[in-house]
Amino acid sequence: MNRLGIKTGFDLRARTLPFLQQHFGKSGPFFYWIARGIDDRPVRADRIRKSLGAENTFPDDLFAFEAARDALLPIVEKVWRHCEGASVRGRTVTLKVKYADFCQITRSRTSAAFIATRAELDQIALALLGPIFPVQRGIRLLGVTLSSLSEERSTREDQLSLSI
């Protein structure tokens with residue numbers, strides 16, 4: 001696409017259907033319609049959820065760890081509420097950090113066992129946040145995602161039970 005001068009969605013939308021078919025074959029019509037916001041693929045509401053996440057954009061950039069920590073904990077709470085409501089647990093926590101210049105980084109950690117408590121999720125998220133400080137650029141957005149999900153009852157079945 002770059003060689004054809006297509007660098008943005010606006011550039012793609014400016015191309016004709018015959019042009020896109022000529023250069024991209026069967027994918028041409030897909031590119032043509034998707035650039036116009038038209039997608040006829042069926043919605044799959046019954047798909048298996050692969051992750052749960054939440055994020056927040058801040059009106060003022062965050063520079064101090066304490067401010068970022070205080071902003072992150074409500075995000076973690078929201079993710080945990082989703083887990084509780086969906087009766088799922090996850091093993092991988094991903095922290096998303098977007099800076100004021102819109103550069104973005106992610107950091108993740110995968111636990112051997114499913115994360116069982118909100119406190120454990122807090123601890124991992126904060127452990128991922130700490131090493132990025134001190135920051136040179138202000139933080140504009142923080143997000144937390146929990147993945148490697150499993151239904152809560154199946155995670156219990158995976159644990160050993162001891163009979164006495």
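The values are calculated or read from the model by the stated rules, or taken from the named source; none is laboratory data. Everything numeric in this text was worked out from a predicted model, so none of it was measured. Note that each Cβ is placed from the backbone with ideal geometry, even for glycine, and that neighbours are counted across all protein chains shown. These accessible areas exclude ligands, DNA and RNA; they are computed on the full protein's heavy atoms, side chains included. Shrake-Rupley method; radii C 1.70, N 1.55, O 1.52, S 1.80 Å.
To keep it simple, each residue is scored yes or no on (1) over 19 Å from the mean Cα position of the chain (by Cα); (2) at pLDDT 95 or above; (3) under 25 Å from residue 62 (Cβ atoms).
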residue	(1), (2), (3)
92	no, yes, yes
95	no, yes, yes
99	no, yes, yes
108	no, yes, yes
119	yes, yes, yes
122	no, yes, yes
129	no, yes, yes
138	yes, yes, yes
148	no, no, no
The one condition residue 62 fails out of (1) open to solvent by 50 Å² or more (accessible area, probe 1.4 Å); (2) over 13 Å from residue 145 (Cα atoms) is (1)
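Of the residues 52, 72, which single one is in a strand (DSSP E or B), under 16 Å from the mean Cα position of the chain (by Cα) and of a type in the set (A, V, I, L, M)?
Criteria check complete, one pass: 52.
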Being surrounded by fewer than 18 Cβ atoms within 10 Å (Cβ to Cβ) and closer than 26 Å to residue 133 by Cβ narrows it down to one residue among 91, 3; which is it?
91
Could you check region 30-59 and list, in sequence order, the residues that are within 30 Å of residue 131 (Cβ to Cβ) and either among the hydrophobic types (A, V, I, L, M, F, W, C) or in contact (Cβ under 8 Å) with a residue 60 or more places away in the chain (or both)?
49, 50, 51, 52, 53, 54, 55, 56, 57, 58
